[in-house]
Amino acid sequence: ESNLRAYSRVYPTVFDKAINARQIDENGKEYIDFFAGAGVLNFGHNNERMTKAVIEYIQSNGVTHSLDMSTTAKRTFMETFVDVVMKPRNMPHVMQFVGPTGTNAVEAAMKLARRVTGRQTVVAFHHAFHGMTLGSLAATANEYFRGASGVPLNHVEHQPFGCEKTCQGCELGCGKASLDALRARYADSSSGLEKPAAFMLEVIQAEGGVNVADKQWLKEIESLAKDLGALFIVDEIQVGMGRTGSFFSFDDYDIDPDIICMAKGLGGMGTPLAMNLVKPEHDQQWSPGEHTGTFRGQSISFVAGTEALNYFKDDALMKEVARKTGMMTEMLTELASMDGIQIRGKGMIQGIDIGDGALAKQVVANCFESGLLLGACGTGGRVIKLIPPLTIEDVDLTEGMNIVINAVREAKGTL
Ligand code: PLP
């Protein structure tokens, strides 16, 4: 395997089986999964509702591959999405299926914003993560990833993100403080700043260090975008699909994005699927097949994804997420009070910022030894990210939390 491989270095074993929040390696060692495929497996590994539906679909000779032709599997997914997500929110958006990765959704969103406005610049934010293909990589902030591009990453500028909590040690300046200046620069016709095609952001920057956007700041960015005639794009790829306690991470933020990028958990059980929700007046600017792709909507993902959507037909799962968020928050209280540690998050994405990438790496390695899978994120990898499946059993959640809390205390020399 290529030198590029990454997670197999962090988790040096060979996995064989997986069920809900547990992964089992070929030696029979069990690991609790607080990584969940980087936000893909919100409904756990091999979710029984999904495996059953997929097996039945395959055994009935349901169409597996269809490019973007119409299929019964796609229709059922789309109808369920409309009923469960769009109608209750009165959303006018259309569903644009793209190649099955998050980065492809972001590429399509950026292309469309440029088309609609006739402008080039997309405003993204410090610590943003939007993917690895050239358009989205230009919007991704991390130097390590950007360095691999081989060509200049143009037509995106990064502005300070407006965090709910100012991150410890962050010297970039908070977006809340610089918002008025940004607005003034756009208002001044001699500022030299070109009006952008779009403002694009994650409501919770997951890879960027679990930075939760301040509600008021987010609304003001949205209104700045509208005032400037730019599109407002929200990237829900990692934190959507119930992660924060409601379907969208911004359900309680009172915003109305022009484009919402979705992927990861959308396919339900870990098979890929990505789509953009696009306001119809913008969608009209596409010509048929202009942003094409061989795997635009896969039937297996539509079938499993429909089962994922069924979880939102009532509030049972979201009530569970609220309860488990309470468990996580309570268990993290002790760490939160320790010097040099900051806890940030919303719902079942929580970050433990320990302020030191090398130390966080050690914590991740120790957790792995103790049977817990998790990842580090943020500048220099200093934040330990907790994103267990939403369906995790209480015993696994408690055991996993104990492992990571002990590993952090040990690393900080307080054990
Ligand atoms: N956007 C966000 C917020 C992400 O977290 C990711 C992946 O982690 C992406 C985009 C890119 O998705 P993919 O890796 O499927 O291309």
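The values are calculated or read from the model by the stated rules, or taken from the named source; none is laboratory data. Fair warning: this is a prediction, and the values are worked out from it, not measured in the lab. Cβ atoms come from the backbone with ideal geometry, glycine included; neighbour counts cover every protein chain shown. With ligands, DNA and RNA removed, areas are computed over all heavy atoms of the protein, side chains included. Shrake-Rupley method; radii C 1.70, N 1.55, O 1.52, S 1.80 Å.
A few notes on this one:
- Scan segment 149-184 for residues that are among the charged types (D, E, K, R) and under 21 Å from residue 114 (Cα atoms) and the total you get is 2.
- Being basic (Lys, Arg), modelled with pLDDT of 95 or more, open to solvent by 70 Å² or more (accessible area, probe 1.4 Å) and farther than 22 Å from residue 382 by Cβ is a property that holds for residue 115.
- Scanning segment 178-196 for residues that are touching a residue at least 12 places away in the same chain (Cβ under 8 Å) and over 24 Å from the mean Cα position of the chain (by Cα) yields 178, 179, 182, 183, 186, 194, 195.
- Residue 140, sole failed condition from (1) of a type in the set (S, T, N, Q); (2) within 16 Å of the ligand (Cβ to nearest atom); (3) out of contact with any Phe, Trp or Tyr (no Cβ under 6 Å at 6 or more places or on another chain): (3)
- Residues that are closer than 18 Å to residue 384 by Cα, within 11 Å of the ligand (Cβ to nearest atom), of a type in the set (A, V, I, L, M, F, W, C) and in a loop (DSSP other than H, G, I, E, B), drawn from segment 196-213: 206
- Single unsatisfied condition, residue 284 versus (1) away from the ligand (no atom under 15 Å from the Cβ); (2) polar (S, T, N, Q); (3) crowded, with 18+ Cβ neighbours inside 10 Å: (3)
Matching residues to (1) open to solvent by less than 90 Å² (accessible area, probe 1.4 Å); (2) assigned to a strand (DSSP E or B); (3) in contact with a Phe, Trp or Tyr (Cβ under 9 Å, 6 or more places away or on another chain):
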position: 9; (1), (2), (3): no, no, no
position: 16; (1), (2), (3): no, yes, no
position: 32; (1), (2), (3): yes, yes, no
position: 43; (1), (2), (3): yes, no, yes
position: 53; (1), (2), (3): yes, no, no
position: 58; (1), (2), (3): yes, no, no
position: 68; (1), (2), (3): yes, no, yes
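- Subset of segment 282-291 (residues that are in contact with a strand residue (DSSP E or B) (Cβ under 9 Å, 6 or more places away or on another chain) and of a type outside the set (D, E, K, R)): 282, 286, 291
- Flag for residue 183 being closer than 22 Å to residue 296 by Cβ, in a helix (DSSP H, G or I) and open to solvent by 70 Å² or more (accessible area, probe 1.4 Å): no
- Qualifying residue in segment 299-312 (condition: buried (at least 20 other Cβ atoms within 10 Å of the Cβ), at negative phi, not in a helix (DSSP H, G or I) and not polar (S, T, N, Q)): yes
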